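Notes for the one structure printed next.
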Amino acid sequence: MKHRLFLLRAYGDASIALYFLANSPLKNEFKVIASSHLKPLISALSNYIHIGSLDIEYIHLGINKSQLNLFTKRHFISMDTLTQVKKIKQFLILNPNPIGLDYMEQSNKLNILNFLLRKDFKAIVNDKNVYDEMQHFFNTPLILQNAADPIKNILILPDARIANRKIPMAVIEYLKTSLTQKNKLVTLAYFSSHKNVDQDTKNYSNFDELLTLIKEADFVFGSDSLGIHLSNALQKPHYILYPKNGSKAFFTPFSIEHKCFATFDNVTSIQLPI
């Protein structure tokens with residue numbers, strides 16, 4: 001029997017894991033067990049990376065936020081959390097894996113889930129850079145994307161699942177002004193709940209639309225969130241903006257190799273890479 005990779009966390013975690021697994025020489029040794037809330041993302045992403053080559057089974061756990069409630073702070077204690085854990089336990093009882101190992105993306109709060117399930121899920125990532133550990137675990141060749149020449153179309157993605165990671169308006173205005181002065185075409189794109197304020201601002205309402213925006217851009221500026229991880233999956237050059245004292249655990253290989261990252265409060269004092 002195959003090892004199993006359970007995807008129950010946020011969209012960014014799933015994107016990173018699927019990117020490395022889809023390009024891994026070990027992919028046939030794994031079966032992916034994905035929460036059904038991830039299906040729209042996986043379906044959209046399959047148009048750009050070789051997800052169709054993976055063995056994926058979707059399970060319905062009642063996750064109606066971005067990830068399993070147990071892995072969050074706000075929804076940690078609730079009846080929905082208990083329901084979700086019970087459904088995982090039922091799946092494990094009905095679908096044992098006596099030979100292969102069962103994995104999850106990272107160790108954060110995994111010990112709590114293991115305790116509740118009387119289970120021993122293994123974590124791929126343990127408190128280091130997520131990309132480094134995923135790459136080494138799946139033995140995936142690392143390909144660093146190159147910036148297009150010339151770089152003309154710039155996409156800015158300010159949104160983030162975690163509120164303090166959203167790019168502040170002052171930083172957005174600085175980027176727009178600086179890049180426009182360099183004769184770049186700048187598009188600002190928000191999730192659909194944001195109100196458009198000018199013709200250079202767009203809304204996206206689903207993963208297909210977001211991926212299309214990223215694909216059509218030459219370079220992406222984004223918060224430390226899903227948009228950057230999708231940019232990496234599409235091999236799109238990008239720049240990460242993040243809050244002061246924020247973690248670099250999810251920084252991409254491209255951003256680290258090319259020093260394409262800055263905190264919100266120091267971006268105005270550094271030389272932009274384009």
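The values are calculated or read from the model by the stated rules, or taken from the named source; none is laboratory data. The model shown is predicted, which means the values in this text are computed figures rather than measured ones. Quick reminder, even Gly has a Cβ in these numbers, built from the backbone with ideal geometry, and neighbours come from all protein chains shown.
List of remarks:
- LEU54 being under 16 Å from SER24 (Cα atoms) and buried (at least 16 other Cβ atoms within 10 Å of the Cβ): yes
- Matching entry among ILE162, ILE156 (being hydrophobic (A, V, I, L, M, F, W, C), touching a residue at least 60 places away in the same chain (Cβ under 8 Å) and more than 19 Å from ALA233 (Cβ to Cβ)): ILE162
- Of the helices (runs of 4 or more DSSP H) entirely within segment 1-115, those holding at least 3 residues that are within 20 Å of the chain's Cα centre (by Cα) and in contact (Cβ under 8 Å) with a residue 24 or more places away in the chain occupy 11-22, 39-45.
- For TYR239, the test of being more than 15 Å from the chain's Cα centre (by Cα), without any contact (Cβ under 8 Å) to a residue 40 or more places away in the chain and crowded, with 17+ Cβ neighbours inside 10 Å is failed.
- The single condition among (1) touching a strand residue (DSSP E or B) at 6+ places or on another chain (Cβ under 7 Å); (2) surrounded by 16 or more Cβ atoms within 10 Å (Cβ to Cβ); (3) at pLDDT 95 or above; (4) under 30 Å from SER205 (Cα atoms) that ILE63 does not satisfy is (3).
- Evaluation of THR140 against the conditions (1) surrounded by fewer than 18 Cβ atoms within 10 Å (Cβ to Cβ); (2) among the polar types (S, T, N, Q); (3) touching a residue at least 24 places away in the same chain (Cβ under 8 Å) shows that the sole unmet condition is (1).
- Checklist (1) under 20 Å from ILE16 (Cβ atoms); (2) surrounded by fewer than 22 Cβ atoms within 10 Å (Cβ to Cβ) applied to VAL171, failing item: (1)
- Within segment 107-137, if we keep just the residues that are in contact with an Asp or Glu (Cβ under 7 Å, 6 or more places away or on another chain) and crowded, with 19+ Cβ neighbours inside 10 Å, the residue that is nearest to LYS27 (Cα to Cα) turns out to be ILE124.
- In this structure, LYS259 does satisfy being touching a Pro at 6+ places or on another chain (Cβ under 9 Å) and exposed (fewer than 13 other Cβ atoms within 10 Å of the Cβ).
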